[in-house]
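**Q** The structure under discussion is supplied below as structure tokens; questions concerning it will follow.
Read the figures in this text as sums done on the coordinates, not as results from a lab. Because the structure is predicted, anything quoted here is derived from the model rather than measured. Heads up, the Cβs are rebuilt from the backbone with ideal geometry, glycines too, and the neighbour counts pull from every protein chain shown.
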Amino acid sequence: MVFPRALRYVDEAVSGLSDRLDKGVTLVPAILAETFRSLNACRRAGEGRFIGCAQLLLVWFHSHLWKVDRVSYRVFSKNYSPLKELAATLRKDDISEENWIALLQNLQEEDVEWRAPWLVPDEILYRCGSFDWVPLLGIWGAVGYAPLLMLRQYRSKLFIPATHGLAQCEFTYRGDNYKKRVKGISNAWNQTSRMKRVAVGPMTTLEYDVWQSRRINDNIPRPRQDDA
């Protein structure tokens, strides 16, 4: 199950996903939204249970925390599926919880393979409508995702992007105003902006390194007109 909340229990909101699949609607934004929302909740609380597809999270670990010497030519095939390949690959998944904790707590920058070996995009979707990021609608709530903060995953140079209001973009489907916000996000997806991927080095700008090390604020204010 992609969105498990309790053993042998299927949420009513999840049951409608099959109808969306029959209509050819991709579930990728919803899966990403609930994954990010659950991880954010665990990070804020310092603990918690991940409500999402653990198998997909494991694929992320295998794609970014275990370096590969060479990339298979199959990644350039239109029918290539990294999920199927990883599912068919023999690997040791009986790692204890204690070993996982030790592994993640002791990670160094050089231990991370920022770009997954199967990720070979030509373009990067980086904003929707008036949002300076990509808003994602999930099953139980919405969240903002800023691909420009993750350009290392595309082997592109990092810089300080505009993220004003990004934290406030996360909300649950409750209250009187959420339907209006959902409609606004849905409309924003009708106006997407993409950029060409450019592989350059070094991977970060000096300004980004200073900003990231200080962690001044997650929300970078929009530049004033006279500063633009």
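**Q** May I ask you to derive the relative contact order of region 113-172, considering only C-alpha pairs under 8 Å and at least 6 residues apart, and to give it as an integer percent?
**A** Answer for region 113-172 is 33 percent.
**Q** Using θ = phi - 60° and the Karplus relation 6.51 cos²θ - 1.76 cosθ + 1.60, list the HN-Hα couplings for region 134-141 in order, rounded to whole Hz, with x at every Gly or Pro.
**A** 10, x, 10, 9, x, 7, 10, x
**Q** Using each residue's phi in region 44-50, evaluate 6.51 cos²θ - 1.76 cosθ + 1.60 at θ = phi - 60° and report the 3J(HN,Hα) Karplus result to the nearest Hz, with x for Gly and Pro.
**A** Ordered by residue, 3J(HN,Hα) equals 5, 7, x, 6, x, 10, 6 Hz.
**Q** Sorted by mean Cβ packing within 10 Å, highest first, what order do the peptides 50-61, 146-157, 13-24 take?
**A** 146-157, 50-61, 13-24
**Q** Long-range amide H contacts for LEU27: which residues qualify at under 5 Å (H placed 1.01 Å from N, peptide plane, sequence gap of 5 or more or a different chain)?
**A** none
**Q** Explain nothing, just compute: Karplus ³J(HN,Hα) = 6.51 cos²θ - 1.76 cosθ + 1.60, θ = phi - 60°, for every residue of region 151-168 in order, whole Hz, x for Gly and Pro.
**A** The phi angles translate into 5, 4, 5, 10, 6, 10, 6, 7, 9, 7, x, 7, 10, 4, x, 4, 5, 6 Hz.
**Q** Here is a follow-up. R0 = 22 Å: FRET efficiency of LEU58 with LEU21, Cβ-based, nearest 0.05?
**A** 0.45
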